[in-house]
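Novice: I am attaching a structure below and will ask some questions about it afterwards.
The values are calculated or read from the model by the stated rules, or taken from the named source; none is laboratory data. This one's a predicted model, so the numbers in the text were calculated from it and none came from an experiment. Cβ placement follows ideal geometry from the backbone for every residue including glycine, while neighbour counts extend to all protein chains displayed.
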Amino acid sequence: MALRQIALQGEECLQKKCRPVTEFNQRLWTLLDDMKDTLLDSGGVGLAAPQVGVLRRVCLVMNEADEIIELINPEIVYTEGEQTGLEGCLSVPGKYGEVTRPDFVRVRAQDRNGAWFEAEDEGLTARCFCHEIEHLDGHLFVERTDHLMEGEELENYIRRMEEEDA
């Protein structure tokens, strides 16, 4: 296993549509294992293959139970509800924006051996499904927000949200 370098906003690999995975072999398994190590090292909750320079339809999502879900050739098959919240990205470090996403998402994908399965969840995991699958089509969350926050502005926003929830 190895850590891979995470591409940053502006790099060409983040703007391209990824190709489907057709071969489920050691090369794919190595990519998945490296992506898992990279995700765990980064402290993020999701990682897509183009973020490590690989233009294949592969992404990882960490659910709220800290389980990593490997999604190969994923597609969103059902959504319900709506949530608006703070979103960030490993490829846009330190910057966050408010983004509206579905509150519940069901995804159909293949596992590392090519078997089809469905995964579904709500809240942060649903948000992450949408965010990571958008990476596979060459899009970043910054396209979905009209204002990016960082530093003191971000701290004030988080404090306001915590006060509202209390």
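Novice: I'm checking my understanding of the structure. Among residues of the range 113-160 that are among the β-branched types (Val, Ile, Thr) and touching a residue at least 60 places away in the same chain (Cβ under 8 Å), which one is nearest to Gly85 (Cα to Cα)? Before the answer, list the steps.
Specialist: Within the range 113-160, the subset among the β-branched types (Val, Ile, Thr) is 125, 133, 142, 145, 158.
Cutting the leftovers down to touching a residue at least 60 places away in the same chain (Cβ under 8 Å) gives us 125, 133, 142, 158.
On the way: Thr125: 13, Ile133: 18, Val142: 13, Ile158: 10 Å.
Step by step, filter the range 113-160, then rank; the result is Ile158.
Novice: Condition check: outside any loop (DSSP other than H, G, I, E, B) and not β-branched (Val, Ile, Thr). Does Leu3 satisfy that?
Specialist: no
Novice: In addition: Being among the hydrophobic types (A, V, I, L, M, F, W, C), at pLDDT 95 or above, in contact with a strand residue (DSSP E or B) (Cβ under 7 Å, 6 or more places away or on another chain) and closer than 30 Å to Asn156 by Cα is the filter here; which residues of the range 57-104 pass it?
Specialist: Val61, Met62, Leu90, Val99, Phe104, listed by residue number.
Novice: I'm checking my understanding of the structure. Among residues of the range 6-48 that are more than 16 Å from the chain's Cα centre (by Cα) and part of a loop (DSSP other than H, G, I, E, B), which one is surrounded by the most Cβ atoms within 10 Å (Cβ to Cβ)?
Specialist: In this case the residue turns out to be Val21.
Novice: Any residue that is under 17 Å from Phe129 (Cα atoms), in contact with a His (Cβ under 9 Å, 6 or more places away or on another chain) and part of a strand (DSSP E or B) - is there at least one of those in the range 58-74?
Specialist: yes
Novice: While we're here: Give, as residue ranges, the strands (runs of 3 or more DSSP E) completely inside the range 78-146 that count at least 3 residues that are loosely packed, with under 15 Cβ neighbours inside 10 Å.
Specialist: Working: elements: 83-89, 92-101, 104-110, 116-122.
Hits in the range 78-146: 92-101, 116-122.
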